1. Show the residue pairs meeting these rules: Cβ distance below 7 Å; 6+ apart or different chains; first residue within segment 52-75 and closer than 20 Å to ARG42 by Cβ; second residue at pLDDT below 85.
2. Which residue, of PRO92, PRO107, is surrounded by 15 or more Cβ atoms within 10 Å (Cβ to Cβ), at pLDDT 55 or above, farther than 30 Å from ASP50 by Cβ and not hydrophobic (A, V, I, L, M, F, W, C)?
3. Of all residues in segment 8-21, which are in contact with a helix residue (DSSP H, G or I) (Cβ under 6 Å, 6 or more places away or on another chain) and either over 15 Å from ARG59 (Cα atoms) or in the same structural domain as LEU103 (by TED's automatic domain parsing) (or both)?
4. Would you check which residues across segment 122-155 are within 29 Å of ASP93 (Cα to Cα) and free of Cβ contacts under 8 Å to residues at least 12 places away in the same chain and list them?
5. On the basis of being more than 30 Å from ARG42 (Cβ to Cβ), modelled with pLDDT of 60 or more and crowded, with 16+ Cβ neighbours inside 10 Å, does LEU130 make the cut?
Amino acid sequence: MAYYVSRGDRLRRTAFLLCGDWHLAEDLTQITFVKLYQRWQRIERHDVMDQYARRVLLRTFLDQRRLPRRREVATEPDSSTLDSRVHHDPVPDDRLVLREALLRLSPQHRAVLVLRFWEDLPVEQVAEILACSTGTVKSQTSRGLARLREVLDDTTPVAGKVRR
């Protein structure tokens with residue numbers, strides 16, 4: 001319980017950056033903590049629990065992306081669930097633009113960028129979480145940043161309008 005209280009919000013924010021939906025982020029976080037709870041007695045080193053939790057969260061996110069869509073789809077927007085992307089300023093908030101750009105990246109690029117720059121993890125730790133080589137993390141980071149720049153260039157406000 002103490003681990004959930006101390007780390008739950010951070011993992012939920014990371015999940016949100018991965019999926020772009022607060023409800024799904026909450027689901028991913030809950031699934032992550034259920035998996036952690038189920039394996040708690042078998043985990044030998046609790047000093048690396050944060051890294052293990054991020055790995056479980058990331059794998060859960062990627063597994064959710066691979067599953068066929070079986071979720072309900074709303075047919076009409078409900079005022080209680082309106083997307084926070086609605087913004088009335090002619091120049092969108094930088095956070096919203098960045099979030100939209102992140103959502104246009106592949107899940108793998110998004111995962112690497114979130115772990116490297118949101119979680120501020122070194123290349124070696126990201127490689128361990130993703131179960132790949134440091135070279136793969138470096139190349140995915142480079143490609144992800146290049147793609148992010150392309151996406152941001154496409155959505156840069158020009159004379160009060162957003163190019164698409």
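The values are calculated or read from the model by the stated rules, or taken from the named source; none is laboratory data. Keep in mind the model is a prediction, meaning the values are calculated, not measured. Don't worry about glycine lacking a Cβ; one is built from the backbone with ideal geometry, like all the others, and counts go over all protein chains shown.
1. These pairs meet every condition: TYR52/ILE43.
2. Every option except PRO92 fails the conditions.
3. GLY20
4. If the condition is that a residue be within 29 Å of ASP93 (Cα to Cα) and free of Cβ contacts under 8 Å to residues at least 12 places away in the same chain, then PRO122, SER142, ALA146, ARG149, GLU150, ASP153, ASP154 are the ones that fit.
5. Details: more than 30 Å from ARG42 (Cβ to Cβ): no; modelled with pLDDT of 60 or more: yes; crowded, with 16+ Cβ neighbours inside 10 Å: yes.
Spelling it out, it is not the case that LEU130 is more than 30 Å from ARG42 (Cβ to Cβ), modelled with pLDDT of 60 or more and crowded, with 16+ Cβ neighbours inside 10 Å.
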